[in-house]
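Bear in mind that the values in this text are calculations on the coordinates, not laboratory data. Small disclaimer: the values here were computed from a predicted structure and weren't measured. Glycine also receives a Cβ, built like all others from the backbone with ideal geometry; neighbour counts cover every protein chain displayed.
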């Protein structure tokens, strides 16, 4: 029987665990940095779209950063599902989807973008808010027709999101659905008011022309 105070190979086991945790901690720090970069690039791209700027370079940088992050997390899949990564991927999805809609391109799939289904759906939910901003911009310019077109896109997205009636633990879409519905109701009311105002203005113009 060995000495009671001696624990064979304990130091070796502890050293192995320490090494693995040191590596994971380093990957975690890089993951946080990369996720912040993705979120920053995505947010800047969306703002640039509202200003009518070209965002091809920003979106390409975002795509490259996503690939880099996925490669980094290949051996640490548990870190992929942390909040900061999911939030960054959600914002990236939103940027790519808004861009595709504005360019009238086919929507990229989650696999095309390197996103999880959850991040993609949550990003799609946020697209509704961005489309509302475009609709309001066109209403301010007096272009009711284009504003209505954006409203139709918002409604189409909500219809798609409402197909997902899963527990929150599987995909937390309920809040996105509720927010999208509320934004659509507001936008529908604003478009209706603008449309009636436009019709009244057109009628007044027609009366003046007859005078």
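Each Cα pair under 8 Å and six or more residues apart adds its separation to the average, and for the range 5-97 the resulting relative contact order is 38 percent. Relative to the longest principal axis of the Cα atoms of the chain, the long axis of helix 174-210 makes an angle of roughly 20 degrees. Ranked by how many other Cβ atoms sit within 10 Å of their own Cβ, fewest first, the residues 80, 120 fall in the order 80, 120.
Relative to the longest principal axis of the C-alpha atoms of the chain, give the angle of the C-alpha long axis of helix 144-161, reported between 0 and 90° and rounded to the nearest 10°. Taking the Cα atoms of the chain, the angle to 144-161 is about 40 degrees. Put in order of Cβ neighbour count within 10 Å, fewest first, the listed residues 76, 99 become 76, 99. Need the full-extension length gain, residue 27 to residue 168, defined as separation in residues times 0.36 nm minus the C-alpha distance. One decimal, nm. That pair, residue 27 and residue 168, stretches by 47.9 nm at full extension. In percent, rounded to a whole number, the relative contact order of the range 116-211 is 35, using alpha-carbon pairs under 8 Å and six or more apart. Dividing the helix sum by the residues of the chain, where each DSSP H run of 4 or more adds -39500 (n - 2.57), gives a mean residue ellipticity at 222 nm of -27000 deg cm²/dmol. The packing ranking, built from the mean of other Cβ atoms within 10 Å per residue, places the peptides 148-158, 16-26 in the order 148-158, 16-26, highest first. The C-alpha atoms of the chain define a longest principal axis, and helix 56-72 lies at about 20 degrees to it. The candidate values are (1) 28, 19, 17; (2) 40, 21, 15; (3) 51, 18, 12; the one derived from this structure for semi-axes √(5λ) of the Cα gyration tensor in Å carries the label (3). With contacts taken as Cα pairs under 8 Å at a separation of at least 6 residues, the chain carries a relative contact order of 16 percent.
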